[in-house]
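Coordinate-derived values only; no laboratory data. Bear in mind that the values here come from a model prediction, so they are computed numbers and not experimental data. Counting neighbours? That spans all protein chains shown, and the Cβs are built from the backbone with ideal geometry, glycine included.
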Amino acid sequence: MRAVDLFAKGVSQTDIGRELEVSHQTVSDWHKQWLVGGKQALKRTGQPGRPRKVTDADLAKVERALQKGPKANGYPTDLWTLARVTEVIENTTGVKYHPGHVWKVLRRMGWSRQRPARKAMERDDEAIEQWVNDRWPKVKNSRARDAWIVFQDESGFSLLPSVRSTWAPKGQTPVLHHHFNWKRLSMSAALCFQPDGTEASLVFGMQPGAYNDESLMEFLAELHRHLYGDKVTLIWDGLPSHRSRAMQAFIKKQRKWLVVERLPAYAPDLNPVEQVWGNLKGSELANLCLDTIGEAEEIVDQGLCRIGNETRLAFAFLRHCGLKL
């Protein structure tokens, strides 16, 4: 039967067009359906093609199982692979997928491939939350002292490159050729914020080998000069050189301009300087293979200067830590 005949019998062009779009039936098939069920029989009844193997209800069961974690599902490590998710789907719903298609199911649930963050088992989350809620507001009150809020941290760089993902032709894994030389360049950096959020600054220093209490005292003295002798509320971790007798004696002598606040133990995520190191190692130092530590010092200096010249980065790093001025 022709479509024009269907129009003559009162079937709208919209109903016919919709069915043409979603079905492989002929016009004769539609005519038979119309004779039996009228216009209602021609209306679209749902998703065209093969129905999904896993329904939304099944998907909710799968997600509840996955959210318990791999170990709770009998796997030895906290790692979800497509093969493991395939097994969970089959155990939960009885539907067996090929692992190569399971990512589509994960996308339906709003999951994505992510790199886990690491946290120390010794970490006290309650103490950290208490510091953020109770101590940090008092630290921000440095405005009353007209003092800078300064976060400080140390890190290091060797000739062993910071490996990061890169693009390459399929089957041709890039290779980094580098020296196995363990000479290290140590870095100390301080992110400085005005309590009212109007200004931020980065102060940094570098030296061969590791920082100790003596070299850190020199760094703090340089920091004081860089801030034109202004008062400082210094926030840092519990590194031994931060707690040594010599350092405590030094801090006591600097009490006119310096107040020190200790971060909670095992809480590097509260220090925005950690984001400085991540930014540096993910850009200037990523996959960088050098011959000498002196070359590394030049690259590090350029990278830290770049970060220091972008004030917006300093405030972004602070927000990433969940801290606000």
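For segment 56-108, the relative contact order works out to 29 percent when only alpha carbon pairs closer than 8 Å and six or more residues apart are counted.
Of the GluC sites (Glu not before Pro) found in segment 270-325, the ones in coil according to DSSP and having at most 15 other Cβ atoms within 10 Å of their Cβ are Glu310. The long axis of helix 27-37 is offset from the longest Cα principal axis of the chain by roughly 80 degrees.
Translational diffusion coefficient of segment 56-108 (Stokes-Einstein, Kirkwood radius from Cα pairs, 10 °C, 1.306 mPa s): 144 µm²/s. Each DSSP beta bridge with both residues in the chain is either parallel or antiparallel, and the antiparallel ones are about 65%. Partners of Lys39 within straight-line reach, counting aspartates and glutamates whose Cα lies under 13 Å from its Cα and excluding those fewer than 8 residues away in the same chain: Asp15, Glu19. Gyration tensor over the Cα atoms of segment 243-325: the corresponding equivalent ellipsoid has semi-axes (square roots of 5 times the eigenvalues, largest first) of 28, 19, 13 Å.
The packing ranking of peptides 76-88, 150-162, 109-121, 225-237, highest mean first, is 150-162, 225-237, 76-88, 109-121, where packing means the average number of other beta carbon atoms within 10 angstrom of each residue. Extending 7 Å from the Cα toward the beta-carbon at both Thr198 and Ala57 defines two label points whose distance is 6.3 nm.
Angle between the Cα long axis of helix 56-67 and the longest principal axis of the chain, 0 to 90 degrees, nearest 10? The two axes meet at around 20 degrees.
Values of log10 I(q)/I(0) for the chain across q = 0.07, 0.10, 0.16 Å⁻¹ run -0.53, -0.79, -1.29, by the Debye formula with one identical scatterer at each alpha carbon and no solvent.
Across segment 173-325, counting alpha-carbon atoms alone, Rg and Dmax equal 16.6, 57 Å.
Taking a quarter of the surface of the Cα convex hull of segment 73-225 gives a mean projected area of 16.5 nm².
One decimal place: the segment Gln33-Thr77 gains 10.3 nm when fully extended, by the rule 0.36 nm per residue minus the C-alpha distance. Take the Cβ atoms of Glu218 and Val139, set R0 to 25 Å, and the FRET efficiency comes out at 0.50.
Measuring between alpha carbons in the structure, the pairs from Lys140/Lys281; Lys231/Lys324; Lys281/Lys324; Lys138/Lys324 lying more than 23 angstrom apart are Lys140/Lys281; Lys281/Lys324.
Contact order, relative form, for segment 246-325: 34 percent (alpha carbon pairs under 8 Å, 6 or more residues apart, mean separation divided by residue count). Give me the angle, in degrees from 0 to 90, between the Cα long axis of helix 273-282 and the longest principal axis of the Cα atoms of the chain, rounded to the nearest 10. That works out to roughly 60 degrees. Amide H contacts of Leu258 (H built 1.01 Å from N, in plane; Pro and chain starts excluded): Val232 sit under 5 Å, all sequence-distant by 5 or more or on other chains.
Name the residue, out of Arg306, Arg64, Arg243, whose mean-square fluctuation peaks in a Gaussian network model built on the chain with Cα pairs under 10 Å. Top of the fluctuation ranking is Arg64.
The helix-based estimate of mean residue ellipticity at 222 nm for the chain, built from -39,500 (n - 2.57) per DSSP H run of four or more residues and divided by its residue count, is -11500 deg cm²/dmol to the nearest 500. Remark: segment 135-180 is approximated by an ellipsoid whose semi-axes, taken from the C-alpha gyration tensor as √(5λ), come to 46, 15, 7 Å, largest first. One decimal place: the segment Asp125-Ala286 gains 54.8 nm when fully extended, by the rule 0.36 nm per residue minus the C-alpha distance.
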